[in-house]
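Below is one structure, written out as structure tokens, with a few remarks after it.
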Amino acid sequence: MITDAAISCFLSLAETLSFTETANRLYMTQQGVSKIIASLEEELGTPLFVRSRKNVSLTEAGRLYLEFFSRMSEEFNQLRDSIAKKSAAGGSILSLGVLEWLDLSSVLERLHLKHRSGSFPEVIIDRLPKFELAESFKNRIYDIIITYSEELPTGADIVRLNILETSSILLVSGSHPKAGSAASIKDFVEEPFIYVRNPDFSDYVNRNNAKAMAKSYGLRPSSIRLVPNVETAYYSVE
């Protein structure tokens with residue numbers, strides 16, 4: 001099955017012709033981009049890109065699919081804008097933005113049943129990275145978003161509800177000499193730390209934010225490495 005994520009990844013790579021830049025744009029790893037493109041090529045039954053050590057270029061089939069997917073993406077955006085206008089005018093559609101990795105299948109099924117019974121509006125859902133999600137909400141693209149509490153925008157006209165609370169987790173590489181069942185957070189007070197970079201801020205501000213967050217847990221990182229997304233952070237720890 002061809003997913004929206006695969007189409008977005010293909011369109012970005014077709015534009016940049018760079019796995020590195022596409023990974024940064026989509027807050028993914030290069031390995032993740034390569035895997036998605038390979039799966040899409042397998043699904044379509046044809047190579048979409050010619051890869052060499054220094055260059056990436058579209059195949060003839062890739063150029064044809066670029067035209068097709070670009071047109072489809074443009075039509076989808078027009079439809080979404082139309083739906084948003086209908087919702088703003090008081091229509092029975094609710095726009096919901098959620099973190100791209102959240103599994104909301106059980107929630108969506110209940111909303112769908114409520115909509116069919118006439119007790120709830122139709123729900124249109126987009127999945128986005130956390131920074132893009134918060135920015136979209138600020139621009140009133142969505143009626144509701146589900147994201148981290150620290151990423152929520154503020155304002156007098158915004159209602160904030162906590163729907164889930166989780167404990168903070170310190171991820172440590174299994175090869176670290178102090179890793180083990182008896183380890184505690186005190187064993188890693190001055191270790192190098194990895195922080196997911198907010199693209200809206202400079203590296204200087206991101207590092208200061210990372211230091212402030214670490215300090216709140218009693219940590220004093222010896223260094224801070226900025227990465228584009230959570231997936232990259234996991235790979236870095238591994």
* To do: In nm, give the distance between the simple-model label positions of Met72 and Ala38, each being 7 Å from the Cα along the Cα-to-Cβ direction.
  => 2.2
* Protection proxy ranking of 49-58, 30-39, 8-17 - average other beta-carbon atoms within 10 Å, highest first -> 8-17, 30-39, 49-58
* Using the per-residue mean of other Cβ atoms lying within 10 Å as a proxy for protection, in what order, highest first, do the peptides 173-180, 189-196, 216-223 fall? -> 189-196, 216-223, 173-180
* **Extended-chain gain in nm, criterion 0.36 nm per residue less alpha-carbon gap, Val205 and Ser57** => 49.7 nm
* **Cross-link pairs Lys130/Lys211; Lys54/Lys138; Lys54/Lys178 - those with Cα-Cα distance over 32 Å** => Lys54/Lys138; Lys54/Lys178
* Assuming a ≥ b ≥ c are the square roots of the Cα gyration tensor eigenvalues, decide whether segment 8-71 counts as rounded (a/c under 1.5), prolate (otherwise, with a/b larger than b/c) or oblate. => rounded
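Every number in this text was worked out from the coordinates using simple rules, so none of it is lab data. None of the values given here were measured: they were computed from a predicted structure. Note that each Cβ is placed from the backbone with ideal geometry, even for glycine, and that neighbours are counted across all protein chains shown.
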